[in-house]
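For reference, the structure discussed in these notes is given below.
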Amino acid sequence: GAVVSQHPSRVICKSGTSVKIECRSLDFQATTMFWYRQFPKQSLMLMATSNEGSKATYEQGVEKDKFLINHASLTLSTLTVTSAHPEDSSFYICSARRQYNEQFFGPGTRLTVL
Amino acid sequence: AQSVTQLGSHVSVSEGALVLLRCNYSSSVPPYLFWYVQYPNQGLQLLLKYTTGATLVKGINGFEAEFKKSETSFHLTKPSAHMSDAAEYFCAVSVTGGTSYGKLTFGQGTILTVHP
């Protein structure tokens, strides 16, 4: 149990386009999901907390209008990178919280912006 | 605010040797503590966690960690390393309440290399 999927696993796009990444909890309901960003050889940095049915809470320094988060159901959260630029290239990882502060992580999405 | 420091960005051991990955944390409230493992281009897998109760926590793949409040430490150990243990390991802390409830703060990560 406690499986989290992400789609796509890898995406390459042109500068200026928007990219949507999906995060799904497959076998449990998650009222809270988290989005992280990981640069090469670095740790995970929390970008935002996604709460089902309400607005996401963004960490300091994260642009809300650039990284749009929607948590429309208890099993799905989406992250849309709008007007992507090469500096947005990164590994994006989501997690879903089940209980006792326990988070289960998706496999990650590698975004490359040309 | 909480923080995590992992001592040693790289640790190298021989197969069969003891694995010790160090983690110290800072938290103003009682913490929950976690160790995750990440293989290349993959997400994170939970190895073990400390919430309350027994301070020696056993996890998957033969790993264990001990919560030492007096030392603010949560070091990860495994008696005998396997080649398959080679990966990056992250220590993380989460607070149990307040406005930051549920947020994980990660250490910098430690890359474990296992030599035959």
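The values are calculated or read from the model by the stated rules, or taken from the named source; none is laboratory data. Only a predicted model underlies this, so the values are computations on that prediction, with no experimental measurement involved. Glycine gets a Cβ as well: all are built from the backbone with ideal geometry, and neighbour counts include every protein chain shown. What goes into the accessible areas is simple: the full protein's heavy atoms, side chains included, and nothing from ligands, DNA or RNA. Shrake-Rupley method; radii C 1.70, N 1.55, O 1.52, S 1.80 Å.
Observations, loosely collected:
- Legend: mean number of C-beta atoms from other chains within 10 angstrom of residue C-beta atoms, peptide B:102-109, equals 6.
- Other residues lying with their Cβ under 11 Å from the Cβ of A:S18 contribute a combined charge of +2, Lys and Arg counting +1, Asp and Glu -1.
- Absence of a disulfide-compatible partner, taken as no other cysteine beta carbon within less than 4.7 angstrom, is noted in the protein assembly as shown for A:C13.
- Solvent-accessible area per residue in the protein assembly as shown equals 48 Å², computed with a 1.4 angstrom probe and all protein chains kept.
- The portion of the accessible surface of segment A:1-69 made up by carbon and sulfur, rounded to a whole percent, is 49 (1.4 Å probe; DNA, RNA and ligands excluded).
- Each Lys or Arg adds one and each Asp or Glu takes one away; over the other residues whose Cβ falls under 15 Å from the Cβ of A:K55, this sums to -3.
- Taken about its Cα centre, chain B carries a charge dipole of roughly 280 debye when the Cβ of each Lys and Arg holds +1 and the Cβ of each Asp and Glu holds -1.
- A Förster radius of 35 Å, combined with the Cβ-Cβ distance separating A:S5 from B:H115, puts the computed FRET efficiency at roughly 0.50.
- Contact residues in segment B:34-50 by the 20 Å² criterion (accessible area, 1.4 Å probe, full protein complex versus chain alone): B:F34, B:Y36, B:Q38, B:N41, B:G43, B:L44, B:L46, B:K49.
- Solvent-accessible area buried by pairing A with B, both sides, nearest 100 square angstrom, 1.4 angstrom probe: 1600
- Exposure check, 1.4 Å probe, all protein chains in place: A:S9 carries approximately 80 Å² of accessible surface.
- Computed over every Cα-Cα pair of chain B and binned at 10 Å starting from 0, the pair-distance distribution P(r) comes out as 15, 48, 30, 7, 1 percent.
- Cross-link reach list, aspartates and glutamates versus A:K20, counting only Cα pairs under 15 Å and skipping chain neighbours closer than eight places: A:D65, A:D88
- Using the Karplus relation 6.51 cos²θ - 1.76 cosθ + 1.60 with θ = phi - 60°, the per-residue 3J(HN,Hα) values for segment B:102-114 come to x, 6, 9, 10, 9, x, 6, x, 10, 8, 9, 10, 10 Hz, with x marking Gly and Pro.
- Charge dipole of the protein assembly as shown about the Cα centre (unit charges at C-beta), most positive-ward option of B:V57, A:S77, A:S25: A:S77
- Of A:R10, A:R98, the residue with the largest accessible area leads and the full order is A:R10, A:R98 (1.4 Å probe).
- Radius of gyration and Dmax over the Cα atoms of segment A:53-92, both given in Å: 11.2, 32
- Just so you know, the Rg over Rh for chain A is 0.95, from Cα atoms, with Rh as the Kirkwood radius.
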